[in-house]
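These notes concern the structure reproduced below.
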Amino acid sequence: KGGVTAYQSSDIRLKQDLRKLDYLGIIKAMGGTFGFAWKKDNTRSIGWIAQHVLCNPHLKDIVETDEKGYYKINYWSPKLIATAFGAIEQVGDEVSRLKARVVFLESEVQRLSGDKKDCNKKRLDNKNINSLN
């Protein structure tokens, strides 16, 4: 039985100039993920277009050329995997932000509904008082 184990240095003591990037934007700039059929045997697969990835300044080095001149993507690239995880983090942060916004807006709807009920009650009270006069 075989397997692959890959390690890359990641110790913070070896790094400088740390900064967050727009990982989701980097992924989107790759032109999208496509379902496709291979020409040689018509089998279905999923992936990116190497020429699109080459145009992405953050990930262009994960594309190589094979001996026949065709482009290939290193899907095991630590840079690609870290970018994917960064994009997942960004989506999670956005979901959390939007959930908090929904909670706030729901409370505003409740508050405004209560204000409307109070206004309607006051109108009815005024109408009843006026009908007594």
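The values are calculated or read from the model by the stated rules, or taken from the named source; none is laboratory data. Note that the structure is predicted; figures quoted are calculated from it, not measured. Reconstructed Cβ throughout: ideal geometry from the backbone, glycine too, with neighbour counts over all protein chains shown.
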Original post:
Can you find even one residue in the range 60-83 that is among the small types (Gly, Ala, Ser) and within 17 Å of the chain's Cα centre (by Cα)?
Top reply: yes
Original post:
When you go through (1) loosely packed, with under 10 Cβ neighbours inside 10 Å; (2) modelled with pLDDT of 95 or more; (3) out of contact with any Lys or Arg (no Cβ under 6 Å at 6 or more places or on another chain) one by one for Val53, which number turns out not to apply?
Top reply: (1)
Original post:
Which residues, taken from the range 17-45, are under 26 Å from the mean Cα position of the chain (by Cα) and either loosely packed, with under 10 Cβ neighbours inside 10 Å or more than 21 Å from Phe85 (Cβ to Cβ) (or both)?
Top reply: Asp17, Leu18, Arg19, Lys20, Phe34, Gly35, Phe36, Arg44, Ser45
Original post:
Restricting attention to the range 103-114, does a residue exist that is β-branched (Val, Ile, Thr) and more than 30 Å from Met30 (Cα to Cα)?
Top reply: yes
Subject >> Tally of residues being surrounded by fewer than 14 Cβ atoms within 10 Å (Cβ to Cβ) and closer than 27 Å to Ser10 by Cα across the range 62-73 >> reply: 2
